[in-house]
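Visitor: This structure is in structure tokens; I'll ask about it shortly.
Laboratory data are not the source of any read-out in this text; all were calculated from the coordinates shown. Computed from a prediction, not measured in an experiment: that's the story for all the values here. Positions of Cβ are backbone-derived with ideal geometry, glycine not excepted, and every protein chain shown enters the neighbour counts.
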Amino acid sequence: MDHFAIPPGRFLLSAGLDDAIRRSCAAPQRRAKEAHPVFAFVAALGGMGARVGDVCRALGLAFDEGAVLGRCRIDYDAPLTVDTGYDVAARVVSLERKASRRFGAADHLTLGMTVSAAGRPHARVSLTTIMPAPGPAVQAPA
Amino acid sequence: MSAWELGAVPAGAMALWCEALGDDNAIHVDPAAAEALGFGPRTVNPGPTNLAYLLNMVMEARPDREICSIEAALLGNVLAGDGVLARGTWDQDTCDAELVVAPDNVVLRARIETDGRDSDDGEGFRSQRL
């Protein structure tokens, strides 16, 4: 997957967006300038230089057949703040085909992203998207 | 033990999340697309929104703490209109949390580690962990 490059991108985390996201999920009100911690994930995915669906499609994966989020890990170096622009660097970490109870076989795409401001990382995010694999089911490894 | 509850997941909020996430997966905004793909006749809540519910619980339970890492496994789906319960057990600074759709369907499990708010370098950055 080293040959597949995702362009860098940028995410503007406005106070208005933080307010709207908090209202939408019944979150507590913001303290000072600190954004909801889920914005590490939102900024990583929303700010990378290509939409996740387009990355999957470019890799020949069946994103439109019912992709779901499988796993994620977020490590915070600092809280994200509102009215801040973040640079997002993203790369494909792995692509694996595995047996799936739901799909018969599924492709697991793991992306790694770093969310930074002023050259300093604020969050490192790894997420795995799972999609049905096109073609015949594969046997699960023992 | 901590808990946080939402009586009904709003369908209307999913479009906002999709826009912020750059996620054009139709299962989040089009009930017909969700049904055609086997999710049933209601839209599917984006996974990060479900994660936000767990983070709400942690923020309300420990407002003096800062979240430093999350490891999460998404095991099932939350659909528009579902009621959800976030619950967590604490071992010092670590919360083992799960999100449940009634009656007792665990759809998300996460380990969320927190830290004191006075442990950074004065500019909001924590010391680099080696």
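Visitor: Can you spot a residue in the stretch A:16-28 that is touching a residue at least 40 places away in the same chain (Cβ under 8 Å), at the interface with chain B (Cβ under 8 Å from one of its Cβ atoms) and in contact with a helix residue (DSSP H, G or I) (Cβ under 6 Å, 6 or more places away or on another chain)?
Guide: No, the stretch A:16-28 has no match at all.
Visitor: For residues in the stretch B:1-38 being within 11 Å of chain A (Cβ to nearest Cβ) and in contact with a strand residue (DSSP E or B) (Cβ under 7 Å, 6 or more places away or on another chain), which is farthest from A:ARG22 (Cα to Cα)?
Guide: Checked the stretch B:1-38; the qualifying residue farthest from A:ARG22 (Cα to Cα) is B:ALA34.
Visitor: May I pose another question? As an exercise: evaluate A:ALA40 against (1) farther than 10 Å from B:LEU21 by Cβ; (2) touching a His at 6+ places or on another chain (Cβ under 9 Å); (3) facing another protein chain (nearest Cβ under 7 Å); (4) of a type outside the set (D, E, K, R) and give the number of the one condition it does not meet.
Guide: (3)
Visitor: Count, please, the residues in the stretch B:48-68 that happen to be surrounded by 18 or more Cβ atoms within 10 Å (Cβ to Cβ) and facing another protein chain (nearest Cβ under 8 Å).
Guide: Total meeting the criteria: 11.
Visitor: So, in the stretch A:52-111, of the ones that are among the acidic types (Asp, Glu), over 15 Å from the mean Cα position of the chain (by Cα) and part of a strand (DSSP E or B), which residue ends up farthest from B:ALA34 (Cα to Cα)?
Guide: Here the residue is A:GLU96.
Visitor: Next question. Any residue in the stretch B:16-39 that is out of contact with any Leu (no Cβ under 9 Å at 6 or more places or on another chain) and on the phi > 0 side of the Ramachandran plot?
Guide: yes
Visitor: Can you tell me which residue in the stretch A:72-100 is surrounded by the most Cβ atoms within 10 Å (Cβ to Cβ), limited to those that are of a type in the set (D, E, K, R) and more than 13 Å from every other protein chain (Cβ to nearest Cβ)?
Guide: Looking at the filtered set, the residue picked out is A:ASP87.
Visitor: Between a first residue in the stretch B:51-68 that is more than 18 Å from A:CYS72 (Cβ to Cβ) and a second residue that is among the acidic types (Asp, Glu), which pairs have beta carbons less than 9 Å apart while being 6 or more apart in sequence or on different chains?
Guide: Short answer, once both residue conditions are applied: B:ARG62/B:ASP93; B:ARG65/B:ASP93; B:ARG65/B:ASP115; B:GLU66/A:GLU34; B:GLU66/B:ASP115; B:GLU66/B:ASP120.
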